[in-house]
Amino acid sequence: MLTKRIIPCLDVQNGRVVKNVRFFEDHRDAGDPLTLAQAYEAQQADELVFYDITATHEGRHLMLDVAARVAEQVMMPLTVGGGVNAVADFRQLLLAGADKISVNSGAVRRPDLIREASEHFGAQCVVLSIDAKRRPGGHPDGAGWTVHVGGGRQDTGLDLLAWAEQGQRLGAGEICLNVMDADGTRAGFDLEATRAVARAVDLPVIASGGAGQLADFRDVLRGGDAGGHADAALAASVFHFGDLTVPQVKAYLKAEGLPVRPDWRDA
Amino acid sequence: MTVKSEVLLLDYGAGNVRSAARALERAGMTVRVSGDPADVPHAPALVVPGQGHFRQVMEAFDRHGFHGPVMDAAQGGVPLLGICVGMQMLLSGSEEAPGTPGLGLIPGTVRRFEVAPGQKVPQMGWNSLDKVGDSPLLRDLACPAYAYFVHSYYVPLDVEVDAGALTEYGVPFWSALSQANLHAAQFHPEKSGAVGLAILTRFRRYVLEGGAA
């Protein structure tokens, strides 16, 4: 049975993981992407996402080095995102060793980027990452969220569900939904928005933003009228700060009746 | 054993071979990556990766001149490991590209998953393997074991093989197979953590080294 995925996400700037990663204080170098990737591999995380927040040319180059070093040493799926604007960016990151590339603002600016990347490299490596925010006061059509870009600063006015559907038509293989109202609150994923996207597309949906406690993962991954219907859950701070570990989340989900990949050791 | 088992990993532009090369090395093999079909006749074993559209993968394979030499080697009993579309290529053809013949080493047609409620295509993620018969790839492997899949097409169970692994995604399908000297995995062993490493190690131990530890 296909299992629900738990995905830690790491922010990278100029080739180093930034933000305080408290869980890894006992490691010699908590900013080294490879050290952290190996630690999460040991926890049997299902995938890893590295998000490049570098603004400089040198920093972008260092990100390629990060992808290459991690892909050489870690036997797990690796997604890289941040500042991807062209097919050439896809090619560079894939050649470096990334398995999937996530696009966000670059695809909003030029939706054909999704189509071109999908035609060149296959839908399986094109993750459409969407930052969405609830419309103030809702919307008469019931379409309640708009797409934001530029790290969330700019409201494009694009309807979330329409954009997700368009992304699917253009050839995205997966949708990663970050609901900004929930992001960083640790008050739980936005179940309503996640469910709406999961119902609007036939693609796997990764829920992002808002993870705080074990029940949040269950709620967003389960189906039914109240669940988020997500296929995977992405989280950053709860893992980095050691509030939760990946095995702990999986043990909880298993007890709650959700399919997860169990810990495995060779006989 | 003093000489490490050597494999020739075919690089014909259908996906990145670095992760696969590194994983094969971790499993104890010496890996030679080659885009030159002249290397094939001397190779003790072949690893055929593949990623992307069936037609484009077959065309790239043919364009690099691998078709003939790989057929000769495979029919001559050289051990071969196909990965992902490298597995699908072993069959006669695929619903993904009607009119594009596969290698035809194993009769049968690769099929597409149906989109259904609760069933998304591609299948993307970790799914379980159940052993069918005694494939050397899975010998003594603790099951259920989970491997990482990314695919929209699959080898159906009506394809006859000696042994393999079965996985269920709406339909049961061959997620790994062994047929004489041919072995293959639909999942990505190089992305499947400890399970992937265990399966590649078994390919070395039971196929290349004939059972030596």
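The values are calculated or read from the model by the stated rules, or taken from the named source; none is laboratory data. Note that the structure is a prediction, hence the values are computed from the model and not measured. Quick reminder, even Gly has a Cβ in these numbers, built from the backbone with ideal geometry, and neighbours come from all protein chains shown.
Brief remarks follow.
- Residue match in region A:241-258 (condition: part of a loop (DSSP other than H, G, I, E, B) and closer than 30 Å to A:R109 by Cα): no
- Here A:A267 clears all of (1) crowded, with 21+ Cβ neighbours inside 10 Å; (2) within 12 Å of another protein chain (Cβ to nearest Cβ); (3) aliphatic (A, V, I, L, M) except the condition numbered (1).
- Residues that are in contact (Cβ under 8 Å) with a residue 24 or more places away in the chain, more than 9 Å from chain B (Cβ to nearest Cβ) and among the small types (G, A, S) were ranked within region A:62-103; the one that is surrounded by the fewest Cβ atoms within 10 Å (Cβ to Cβ) is A:A86.
- From B:G77, B:G82, B:G93, residue being at pLDDT 95 or above and assigned to a loop (DSSP other than H, G, I, E, B): B:G77
- Residues in region B:15-37 that are on the phi < 0 side of the Ramachandran plot and in contact (Cβ under 8 Å) with a residue 60 or more places away in the chain were compared, and the one that is surrounded by the fewest Cβ atoms within 10 Å (Cβ to Cβ) is B:R26.
- Cβ-Cβ distances below 7 Å connect the following pairs, each with a first residue in region A:108-137 that is within 19 Å of A:R195 (Cβ to Cβ), a second residue that is assigned to a helix (DSSP H, G or I) and not acidic (D, E), and a separation of six or more residues or different chains: A:L128/A:A107; A:L128/A:I114; A:L128/A:G167; A:I130/A:L160; A:I130/A:W163; A:I130/A:A164; A:A132/A:L160; A:A132/A:A193.
- Total residues in region B:178-205, condition hydroxyl-bearing (S, T, Y) and within 14 Å of chain A (Cβ to nearest Cβ): 2
- The residues in region A:162-198 that are under 14 Å from A:R115 (Cα atoms) and either part of a loop (DSSP other than H, G, I, E, B) or free of Cβ contacts under 8 Å to residues at least 12 places away in the same chain (or both) can be counted, and the count is 4.
- Within region A:39-59, the set of residues being touching a strand residue (DSSP E or B) at 6+ places or on another chain (Cβ under 7 Å), surrounded by fewer than 23 Cβ atoms within 10 Å (Cβ to Cβ) and assigned to a helix (DSSP H, G or I) comprises A:G59 only.
- Members of region B:112-169 that are surrounded by fewer than 18 Cβ atoms within 10 Å (Cβ to Cβ), outside any loop (DSSP other than H, G, I, E, B) and either more than 8 Å from chain A (Cβ to nearest Cβ) or touching a helix residue (DSSP H, G or I) at 6+ places or on another chain (Cβ under 8 Å) (or both): B:R112, B:A116, B:Q119, B:D130, B:P156, B:L166
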